[in-house]
C-alpha cells in the first residue's frame, strides 16, 4: 500500500468523522450504502473546518465543499438531490404537506431549466 493511498484513506476517515459529528445517522447511511456520495467529496470535506456546519443531507455536504465559483453551477444538482431524497422518504402515510414541498422543489428545478 502506497503513501498516497494511506493519505487518501485518512482523509476519507476524517471526512466521515466530521459528518458523524454533525449527523451520525447520515454517516451510517453513507457507510451502509443507503446514501450515495463520492469518496472524493468526503475527502475534500476533511480539509475544511466543518464544526459550525450542519449536514442534514448529502446536498448540504456538496454545497459546503463546492468551490465558490462552481456553487452556482451545482445549484441544479443540489436541488435535484434534495428532491430525490425527499421523494425517497415518501410512504403511503406521507402527509399532504410533504407532497406539496416536493412539488415546490420540482417547480424550482423547472425554473432552473427554463433559464
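Quick note: the coordinates plus some simple rules give every number you see, no bench work behind them. In this text the structure is predicted, and so the values were computed from the model without any measurement. Counting neighbours? That spans all protein chains shown, and the Cβs are built from the backbone with ideal geometry, glycine included.
Using R₀ = 35 Å, calculate the FRET efficiency as 1/(1 + (r/R₀)^6) where r is the Cβ-Cβ separation of residue 104 and residue 36; round to 0.05.
The formula returns an efficiency of 0.90 here.
Using a Förster distance of 41 angstrom, determine the FRET efficiency expected from the C-beta separation of residue 13 and residue 97, and round it to 0.05.
Once rounded, the FRET efficiency stands at 0.60.
Taking every Cα atom in the stretch 15-115, find the radius of gyration and the maximum pairwise distance Dmax, and write them in Å.
14.6, 41
Can you give the helix-only mean residue ellipticity at 222 nm for the chain, where every DSSP H stretch with n ≥ 4 adds -39500 (n - 2.57) and the sum goes over all residues, rounded to the nearest 500 deg cm²/dmol?
-23500 deg cm²/dmol
Let me know the Rg and Dmax you get for the stretch 71-115 when you use only its Cα atoms, in Å.
Calculated on Cα positions, Rg and Dmax stand at 11.5, 36 Å.
Sort the following peptides by mean Cβ neighbour count (other Cβ atoms within 10 Å, averaged over residues), highest first: 49-62, 30-43.
Packing proxy ranking, top to bottom: 49-62, 30-43.
Averaged across orientations, what area in nm² does the convex hull of the alpha carbons in the stretch 1-65 project?
Average of the hull's projected areas for the stretch 1-65 equals 4.2 nm².
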